[in-house]
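Participant: Below is one structure. I have some questions about it.
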Amino acid sequence: MNIYGNTIFIPGATSGIGLALALRLQAAGNKVIIGGRRTDVLAELAADHGFGTVVIDTTDPDSVPAARDAVLERYPELNVLISMAGIMAPEDVHDGGFLARAERMVNTNINGPLRLMAAFIGQLQTREEAAIITVSSGLAHTPLMSTPTYNGTKAFIHRFTETIRLQLADTPVQVIELVPPAVQTELMPGGSVNERYLPLDDFADEVMALLETQPDAREILVDAVKFLRFAETEGRYADAVAAVNPAVPAGEPG
C-alpha cells in the first residue's frame, strides 16, 4: 500500500486508534472519509479537520450498503477500506448472563467487518491499487481471561484476513491485518490512562512508519504486540498467558 495518494474510508474513526490514524493518513497526503453513528461528532471532526464524513452503523445490515452508496457517490475513486469499528467488554461465563454482551460483540466485531467487506469489495476490485485493512488484536493470539468473546472475535478476524488474502490474490486488492497491542484508548473504560498500555500517539506513529517502510506488508506489527503475536510459535505461550493474566500460574495456558 502506498502511504499517500489514496482515498480511504474508515468506519469507526471518530475516536481512539481510528481517529489517530485518520489524522496521520490525511497529513500524509490521502483523502480520508470517516464513518460513525453520531452526526454531531462527525460534523465536529469535519469542521476541525476537513474529513469527509458518512453516517454508518456497522451493526445495522441496512446502514452499511446505504453508507457505501453515499461514499461512492461522492468519492468514486475510493481505493482503501479500513474496518476499524469494534467494541470490547469483560464477561463471566460462569452463568448464562454473559450472552447478550457476547452477541453485541459478535455483531460489531465480526458481522460489521463482514458487511463492510461485502459492500465494498466490488468497488475495490475496480481500482488499480487497492487495499483492505482489517483490525485484529494481540489477544487473538494470547487471550485475556476477562474478555473471552472479544478474544474470539479477533481470532476470527485474523483467520478471515489470512483466508481472503488467498482468495483475492488474483485481484489488485492488497489485504493487510493491523494487530494492535493494548493501546491507551477508551476501548475499555480507563484504558486511556493505563500506564501499562502503549500511548496512542506512539502506536499510531509506529503504524504509519511501518506502512511507509513495508508497502507489501501482510501484517502491521508494532514492537509491543510481538510478545503476544508470536507467543505460541516461539514456544512461550503458557508464560505469555500468565503474564497477561497474573491470576493464571505459569505453565497453565488457560
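Participant: Would you grab the residues whose amide H sits under 5 Å from the one on V32? Only those 5+ places off in sequence or on another chain, please, with H modelled 1.01 Å from N.
Facilitator: For V32, whose amide H was placed from the backbone, the distant partners under 5 Å are I8, G52.
Participant: A further question on this structure: Which of the three applies to the stretch 202-249, rounded, prolate or oblate, going by the alpha-carbon gyration tensor with a ≥ b ≥ c and a/c under 1.5 meaning rounded?
Facilitator: It comes out oblate by the Cα gyration axes.
Participant: Can you tell me the length gained on complete extension of the stretch E232 to H94, counting 0.36 nm per residue apart and subtracting the Cα distance?
Facilitator: Difference between extended and current length: 47.0 nm.
Participant: Go ahead and run the numbers for FRET between A46 and L166, Cβ-Cβ distance against an R0 of 45 Å, rounding to 0.05.
Facilitator: The formula returns an efficiency of 0.75 here.
Participant: Applying 1/(1 + (r/R0)^6) with R0 = 35 Å to the Cβ-Cβ distance of R159 and Y4, what FRET efficiency is obtained, to the nearest 0.05?
Facilitator: 0.70
Participant: Relative to the longest principal Cα axis of the chain, at what angle does helix 39-49 sit, 0 to 90 degrees, rounded to 10?
Facilitator: Helix 39-49 sits roughly 70 degrees off the main axis of the chain.
Participant: Quick one: what Rg and Dmax do you get for the stretch 1-85 from the alpha carbons, in Å?
Facilitator: 11.7, 33
Participant: Between D239 and D201, what's the calculated FRET efficiency when r is the beta-carbon distance and R0 is 35 Å? Round to 0.05.
Facilitator: About 0.70, to the nearest 0.05.
Participant: Return a whole-number percent for the relative contact order of the stretch 112-239, with Cα pairs under 8 Å and 6 or more residues apart as the contact set.
Facilitator: 27 percent
Participant: Shifting gears a bit: Helix 16-27 against the longest principal axis of the chain: what's the angle in degrees, Cα atoms only, rounded to the nearest 10?
Facilitator: Roughly 40 degrees between the two axes.
Participant: So for the chain, averaging the separation of alpha carbon pairs under 8 Å that are six or more residues apart and normalising by length, what relative contact order in percent results?
Facilitator: 18 percent
Participant: Quick one: which residues, 5 or more positions from Q184 or on another chain, have an amide H under 5 Å from its amide H? H modelled 1.01 Å from N in the peptide plane, none for Pro or chain starts.
Facilitator: Under 5 Å from the amide H of Q184 lie the amide H atoms of L198, L200, each far enough along the sequence or on another chain.
Participant: So what does the Cα-only Debye profile of the stretch 137-236 read at q = 0.24 Å⁻¹, as log10 I(q)/I(0), no solvent term?
Facilitator: Normalising to I(0) and taking log10 leaves -1.38.
Participant: Can you pull out the GluC sites (Glu not before Pro) in the stretch 190-240 that DSSP calls coil and that have at most 14 other Cβ atoms within 10 Å?
Facilitator: Filter output for the stretch 190-240: E195, E234.
Participant: Counting other Cβ atoms within 10 Å, which GluC sites (Glu not before Pro) in the stretch 9-104 have at most 15 and lie in a DSSP loop?
Facilitator: In loop regions of the stretch 9-104 (DSSP not H, G, I, E or B), the sparsely surrounded GluC sites (Glu not before Pro) are E77.
Participant: Sticking with this structure for a sec: At 0.36 nm per residue, and after removing the present C-alpha to C-alpha distance, how many nm does the segment from A28 to L114 gain when stretched out fully?
Facilitator: Answer, rounded to one decimal: 28.1 nm.
Participant: Exactly which trypsin sites (Lys or Arg not before Pro) in the stretch 1-102 are in a DSSP loop and have at most 16 other Cβ atoms within 10 Å?
Facilitator: Passing sites in the stretch 1-102 are R38.
Participant: May I pose another question? How much length, in nm to one decimal, is gained on full extension between Q214 and D60, taken as 0.36 nm per residue of separation minus their Cα-Cα distance?
Facilitator: 52.0 nm
Participant: Also, I was wondering about something else. Taking a spot 7 Å from the Cα of E73 along the direction of its beta carbon, which residues of the stretch 21-38 have an amide N less than 20 Å from it?
Facilitator: 32-38
Laboratory data are not the source of any read-out in this text; all were calculated from the coordinates shown. Treat the numbers as computed from the prediction; the structure is a model and nothing was measured. Ideal geometry is used to build each Cβ from the backbone, glycine not excepted, and the neighbour counts take in all protein chains shown.
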